[in-house]
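The values are calculated or read from the model by the stated rules, or taken from the named source; none is laboratory data. Computed from a prediction, not measured in an experiment: that's the story for all the values here. Ideal geometry is used to build each Cβ from the backbone, glycine not excepted, and the neighbour counts take in all protein chains shown.
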Amino acid sequence: MNKFRNLSDKEIATLTVYSCSAENWQTVKVAEDFSPAFFYNVHFSGEVFLGTYNKIFELPGGVKKHSGIFNCVLHNCVIKNDVFIDKIHNHIANYVIREGSYIENVDLMVVDHLSSFGNGVKVSVMNEVGGREIPMFNKLSAPFAYLFTFYRHRTELTQKLQNLVEEYTIKQQSEKGNIGENVRILNCGSIKNVRIGDSAVLEGTTLLENGSIISNEKAPVFVGHDVQCKNFIVNSGTIISESAIISNCFVGQGCLIGKQFSGIDSLFFANFQGLHGEAVSIFAGPYTVTHHKSTLMLTALYSFMNAGSGTNFSNHMYKLGPVHEGITERGVKTSSDAYIMWPAKIGAFTVVLGRHKGNPDISELPFSYLIESDGESHLLPGVNLHSAGTIRDVQKWPKRDNRTDSIKTDSINFDFLSPYTLSKTLKGIEILKELLQTIDDKASFIWYQNCKIKRSSIKKGIELYEMAIQQFIGQKVVEKLENQKFDSTANIIELLSTKSETGIGGWVDMAGLIAPKSEIENLLNQISTNEFETLAHIQSQLNNLHNNYAEYSWNWAKDILEKQFGKALNLFEIEDIILIIENWKKSVMTFNDLILRDAKKEFNTISRTGYGIDGNETDKQLDFETVRGIFDDNLFVKDINNQLNKTIEMADKLIKLLT
């Protein structure tokens with residue numbers, strides 16, 4: 001549809017007969033093979049370009065409609081081939097509508113000024129009163145947003161990132177909106193200053209204003225009934241439905257938002273799910289989930305987080321307003337009616353039960369339980385390492401990736417044990433050992449960060465943390481040696497050697513991307529000194545960090561090994577390697593046993609309560625087994641046992657080869 005011509009007198013006459021009119025027929029341009037046959041009751045104003053309309057749309061129920069334009073006002077529009085438009089109650093102004101799109105029963109579609117379509121809108125994430133505002137843009141990723149949000153003390157960095165986003169935003173500006181190919185817009189209200197990508201479906205949407213829907217054929221976006229979105233960007237594969245309301249929000253790929261959920265000034269990244277509840281000024285990293293009514297998520301960082309029903313986070317203490325922030329590191333879960341008063345920092349993979357007002361900072365004690373008892377916070381370090389529920393979550397995350405786009409914006413590391421979490425456990429061991437030394441001989445507990453820790457819990461925590469490190473280190477050694485041929489100690493040492501030192505030291509979790517602190521620091525310096533000209537260059541570097549995780553994590557593991565054995569890797573003997581593998585096998589067996597014991601609680605007598613409602617104990621047992629199955633046949637249990645068998649087989653095989 002590259003060449004256009006003026007309408008012929010005959011075509012104008014035909015259109016007039018079909019109740020069409022124009023402010024000026026000379027500004028209506030048509031394709032060479034244009035036909036006026038499928039136009040009725042259309043008014044044209046400004047410059048309008050029309051294509052050819054031959055496609056027949058088949059609707060649900062078997063109804064067929066021929067492409068064409070009916071019952072609407074078009075102003076300054078380009079309507080490309082095979083488009084259907086009907087029942088526009090006000091008008092369509094300043095839009096390019098691309099091939100194969102279907103638009104029916106819409107109140108208004110308009111671009112009324114130079115618009116950037118949601119790009120550049122500042123989101124007051126983490127702090128309602130400001131200070132961490134981040135301008136969103138179409139290709140915003142969780143790691144990039146992490147840099148922008150949490151390094152405000154580096155003013156040169158912040159200014160550089162701000163400048164790059166502004167440059168990108170300017171390039172997005174246009175006085176015309178775009179409706180992509182094969183879009184469906186049905187029974188909608190007002191669509192104002194919105195850009196819509198290919199294959200998107202809008203059905204019953206009430207209001208869309210100042211935003212972008214980044215949809216494509218492989219990962220279409222669906223926006224449903226009574227949804228209201230203002231100042232927004234919605235990425236591919238996302239579903240927003242059932243009266244959801246979002247304002248000043250970025251929504252990443254593969255998200256699900258619905259059932260009256262409301263979000264304000266928040267960032268929602270890949271596979272976020274928000275149903276029923278409310279979010280205000282949150283940074284929701286990948287796989288953050290809130291499914292329940294009366295759940296309020298406020299001013300905090302979340303990642304791989306699951307909020308129980310009625311969970312409430314309080315962001316101010318009634319002094320200077322809602323100024324406090326919270327951090328929940330990856331994998332945190334809360335029970336029903338849990339409460340945390342910010343500021344607080346909750347360690348990775350910690351389960352929170354009850355109400356906690358003491359502003360705890362327990363980030364150096366991950367994999368814990370934080371429990372309320374008699375109004376006090378009690379901490380059980382490390383016990384979540386062998387929770388069946390946590391392991392099940394870790395297993396299901398990769399399987400529940402809703403992103404079907406060929407380009408995945410967020411780099412997501414799914415590892416349960418990683419240099420990030422295990423650096424925390426190493427620090428946790430130090431903390432717990434210091435607590436053991438300082439606790440009074442007659443005391444049964446000690447206070448740490450406004451939390452009570454029992455003496456027995458300290459000892460158990462140290463034991464669990466040490467096993468977790470053995471499991472990770474051993475796994476990394478096994479990964480290096482399996483499927484390799486070796487015939488000497490020197491050969492083994494060569495396989496375990498590293499080409500660089502990158503990865504030694506601290507690590508960070510950038511909302512899904514796990515990377516060495518040293519490499520993040522290098523990246524920050526490069527950005528601050530203008531070594532990157534575009535946002536794409538920065539994102540490319542972040543992707544490289546993700547892709548190099550295996551190399552960097554082995555470097556970290558090797559360094560820990562050398563510290564544990566008190567000698568360099570090139571001085572290791574065969575016996576040392578065998579010991580590492582034996583410790584790996586032992587730790588995996590111990591953890592798996594604890595996990596299966598935890599899982600077996602779901603098959604005990606209490607779990608059978610309510611089954612066999614009108615029968616005897618035999619009926620209760622049979623009813624339970626019919627509905628729930630038996631322990632040994634449970635898929636999770638089978639998977640754990642299969643993993644254990646593989647571990648034992650691999651360990652025994654390597655030890656045999658080494659001896």
Going through the stretch 373-389 in order, the residues found to be in a loop (DSSP other than H, G, I, E, B) and surrounded by fewer than 24 Cβ atoms within 10 Å (Cβ to Cβ) are Asp374, Gly375, Ser387
Hits in the stretch 56-75 - residues which are touching a residue at least 12 places away in the same chain (Cβ under 8 Å) and either more than 19 Å from His89 (Cα to Cα) or out of contact with any helix residue (DSSP H, G or I) (no Cβ under 9 Å at 6 or more places or on another chain) (or both): Phe57, Lys65, His66, Asn71, Cys72, Val73, Leu74, His75
Please specify each residue of the stretch 242-252 satisfying the condition of being among the aliphatic types (A, V, I, L, M) and assigned to a loop (DSSP other than H, G, I, E, B). Ala244
Within the set of pairs 6 or more residues apart or between chains, which connect a residue that is more than 20 Å from His386 (Cα to Cα) inside the stretch 618-641 to a residue that is of a type in the set (Lys, Arg) and assigned to a helix (DSSP H, G or I) with Cβ atoms less than 9 Å apart? Lys620/Arg608; Gln621/Arg608; Asp623/Arg608; Phe624/Arg608; Arg628/Arg608
Is it fair to say Ile580 is touching a residue at least 24 places away in the same chain (Cβ under 8 Å) and more than 30 Å from Lys460 (Cβ to Cβ)? no
Run down Thr155, Thr149 and say which single residue is polar (S, T, N, Q) and in contact (Cβ under 8 Å) with a residue 12 or more places away in the chain. Thr149
Given the conditions (1) at pLDDT below 95; (2) closer than 30 Å to Asn235 by Cβ, report the number of the one that Gly62 does not fulfil. (2)
Could you check the stretch 253-292 and list, in sequence order, the residues that are within 16 Å of Arg400 (Cα to Cα), in a loop (DSSP other than H, G, I, E, B) and over 10 Å from the mean Cα position of the chain (by Cα)? His291
Mind checking whether some residue in the stretch 553-562 is closer than 20 Å to Asp415 by Cα, crowded, with 16+ Cβ neighbours inside 10 Å and among the polar types (S, T, N, Q)? yes
The one condition Thr647 fails out of (1) surrounded by fewer than 16 Cβ atoms within 10 Å (Cβ to Cβ); (2) under 36 Å from the mean Cα position of the chain (by Cα); (3) touching a residue at least 60 places away in the same chain (Cβ under 8 Å) is (1)
Could you list all residues from the stretch 572-629 that are over 33 Å from the mean Cα position of the chain (by Cα), among the acidic types (Asp, Glu) and farther than 21 Å from Leu654 by Cα? Asp614, Glu617, Asp619, Asp623, Glu625
Looking at Leu161, Leu202, Leu186, Leu256, which one is aliphatic (A, V, I, L, M), surrounded by fewer than 20 Cβ atoms within 10 Å (Cβ to Cβ) and modelled with pLDDT of 95 or more? Leu186
Just one listed residue, out of Phe144, Phe148, Phe137, is assigned to a loop (DSSP other than H, G, I, E, B), of a type in the set (A, V, I, L, M, F, W, C) and in the same structural domain as Leu256 (by TED's automatic domain parsing), and it is Phe137
Residues that are assigned to a helix (DSSP H, G or I), of a type in the set (Lys, Arg), modelled with pLDDT of 90 or more and surrounded by 14 or more Cβ atoms within 10 Å (Cβ to Cβ): does the stretch 575-594 have at least one? yes
Among the residues of the stretch 49-61, are any surrounded by 21 or more Cβ atoms within 10 Å (Cβ to Cβ) and touching a His at 6+ places or on another chain (Cβ under 8 Å)? yes
Determine whether the stretch 437-445 contains at least one residue that is surrounded by fewer than 21 Cβ atoms within 10 Å (Cβ to Cβ), under 33 Å from the mean Cα position of the chain (by Cα), over 26 Å from Phe416 (Cα atoms) and in the same structural domain as Pro360 (by TED's automatic domain parsing). no
Condition test on Ile458, is it crowded, with 20+ Cβ neighbours inside 10 Å and either among the aromatic types (Phe, Trp, Tyr) or over 20 Å from Leu579 (Cβ atoms) (or both)? yes
Taking the criterion of being touching a residue at least 60 places away in the same chain (Cβ under 8 Å) and within 23 Å of Ala200 (Cβ to Cβ), would at least one residue in the stretch 37-55 satisfy it? no
Residue within the stretch 93-105 that is surrounded by 22 or more Cβ atoms within 10 Å (Cβ to Cβ), of a type in the set (Phe, Trp, Tyr) and in a loop (DSSP other than H, G, I, E, B) present: no
Go through the stretch 472-493 and give me each residue that's of a type in the set (Asp, Glu) and either touching a Phe, Trp or Tyr at 6+ places or on another chain (Cβ under 7 Å) or assigned to a loop (DSSP other than H, G, I, E, B) (or both). Glu482, Asp487
With criteria (1) at pLDDT 95 or above; (2) buried (at least 18 other Cβ atoms within 10 Å of the Cβ); (3) within 26 Å of the chain's Cα centre (by Cα), Met109 comes up short on (3)
